[in-house]
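Note sheet for the following structure.
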Amino acid sequence: MARSRFYSERLGAVGDHVELDAEEARHLTRVLRVQEGERVILFDGRGEEALARVDEVRRHGAGVRIEERYSRRGMPEVEIRLAVALPRAGGKDDLLRRVIEVGVAEIQPLITERSVARPDRHTSERRSERRRRIALAAMKQCRRNVFPIWNDPLPLSDLSLRAGELGVFGSLMAGSVTPSRWESLHPNVDRVCVVVGPEGGLSAEEEEALREGGFAPIRLGATVLRVETAAVGLALWLASLEHAKGAD
């Protein structure tokens, strides 16, 4: 049976007693009802994990004793940066959960010509704690140990590829290629920036600018996809490339 997972900013050394914060302690004692003596997994959001035994359960707190420590990121071999025009409020949370499960390392909100959600700095600040809670819940479920990076919104015109990074974007326009065709042209992939446009799609001018910037248009099928579906579909495809690399 899989052990319950809890977040702790500090893991400590083997033998150390670690107090869980109030939210994690409540989850351990009142939601999962873990008992003293049971073993659990702690992770720090930076790629470190520990096996621990619950040694104290109180009315308003809980503590564990570290038994083993090890590094385990729980991430794909391919580093994925998702640049996405965020959907409306109801879809943002679901998008975050799904791309964390898939293994996206970095999320870059985009502002495009047809963006339906135009986040400002104050809105982002108010939502940061909510995003963190959603991220933690998803990381516990999928056994990922690294927090995603969430950047400030950026106009699409300011997006560019980094050194050693390949770029793709979802497109139904003429000239787009299938994932398998793109893979045949790029047998060794380490880092990819994937662009997903808004609900109304990228404009022809935006797609042309992306092509000129080194991004390849990728066609997932013949239908128009929701932002969340396209983002997860493209990210899941890229995350699976590690299996192809390992088979060579």
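Coordinate-derived values only; no laboratory data. Not measured: the values here are computed from a predicted model. Note: ideal-geometry Cβ built from the backbone for every residue, glycine included; neighbour counts use all protein chains shown.
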Inset, instruction - Find how much the distance from GLU113 to MET173 grows on full extension, using 0.36 nm per residue of separation minus their present alpha carbon separation; answer in nm with one decimal. - result: 19.9 nm
Legend entry - Prolate/oblate/rounded call for region 79-247, Cα gyration tensor, a/c under 1.5 rounded: oblate
Inset, instruction - Report the FRET efficiency, 1/(1 + (r/R0)^6), for ALA209 and GLU77, where r is their Cβ-Cβ distance and R0 is 41 Å, rounded to 0.05. - result: 0.85
Inset, instruction - May I ask what percent, to the nearest 5, of DSSP beta bridges between residues of the chain are antiparallel? - result: 40 percent
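Would you work out the charge dipole size for the chain about its Cα centre, treating the Cβ of every Lys and Arg as +1 and the Cβ of every Asp and Glu as -1, and quote it to the nearest 20 debye? Don't jump to the answer; show the numbers that get you there.
On the way: 39 positive and 39 negative charges, 181 e Å.
So the magnitude is around 880 debye.
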Legend entry - Inter-label distance for ASP21 and ASP158, nm, one decimal - labels placed 7 Å from Cα along Cα-to-Cβ: 2.9 nm
Legend entry - FRET E, pair SER184, ASP44, Förster distance 30 Å, beta-carbon r, rounded to 0.05: 0.15
Legend entry - Per-residue Cβ neighbour rank within 10 angstrom, fewest leading, VAL232, VAL40: VAL40, VAL232
Inset, instruction - Once you have the Cα-Cα distance between ARG33 and ALA137, take 0.36 nm times their residue separation minus that, and quote the gain in nm to one decimal. - result: 35.7 nm
Legend entry - Cβ-Cβ FRET estimate between ASP94 and THR223, R0 fixed at 25 Å, reported to 0.05: 0.85
